[in-house]
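The values are calculated or read from the model by the stated rules, or taken from the named source; none is laboratory data. Computed from a prediction, not measured in an experiment: that's the story for all the values here. Don't worry about glycine lacking a Cβ; one is built from the backbone with ideal geometry, like all the others, and counts go over all protein chains shown.
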Amino acid sequence: MLLLWQNSVMNIEKSIYSYLLSLKLMPTLKGFNYLKDAILLVINDGGFCSLKHSIYPWIAKNYHTTSQNVERSISNAIDTAWLNGNVSILKAEFGETINDHRGKPTNKEFICLAADKLRRFFKSY
């Protein structure tokens, strides 16, 4: 049973990785891995999305850094995708959340929406 669970988590992680790549997030950025972990945590936690109080500290502890660095790195990864990515794909995925003033989703919007989309994808299989 443990092996089945481990394979399931590995498949979810691969799917998250592929999803982030499809949005043109750069895997060379620290924020890419932080985003991958944050999305996995939200998926596994049933949609609870408390970044500052649970997710950022958990990621910071695992990567031996600070919560502030995690938050900043995730924001940088999202900014980079918005600058270098395919805007039509990004707007199709996150169009409802893009504030014309900001031009991109917040970290929380990005993580929670990505987790929700992936969770619905996994439930359909």
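Things to note:
- Filtering the range 26-50 to residues that are of a type in the set (A, V, I, L, M, F, W, C) and farther than 21 Å from R120 by Cα leaves M26, L29, F32.
- Matching residues in the range 21-43 - criterion: being touching a residue at least 24 places away in the same chain (Cβ under 8 Å), in a helix (DSSP H, G or I) and surrounded by 13 or more Cβ atoms within 10 Å (Cβ to Cβ): K30, G31, F32, N33, Y34, L35, D37, A38, I39, L40, V42, I43
- Qualifying residue in the range 57-71 (condition: charged (D, E, K, R), modelled with pLDDT under 95 and under 22 Å from T28 (Cα atoms)): no
- Boolean, K108 is at pLDDT below 90, within 17 Å of I39 (Cα to Cα), surrounded by 13 or more Cβ atoms within 10 Å (Cβ to Cβ) and not β-branched (V, I, T): no
- Matching residues in the range 56-74 - criterion: being under 16 Å from I39 (Cβ atoms) and surrounded by fewer than 17 Cβ atoms within 10 Å (Cβ to Cβ): W58, N62, Y63
- The residues on offer are L83, L118, and the sole one that is modelled with pLDDT of 85 or more and surrounded by 15 or more Cβ atoms within 10 Å (Cβ to Cβ) is L118.
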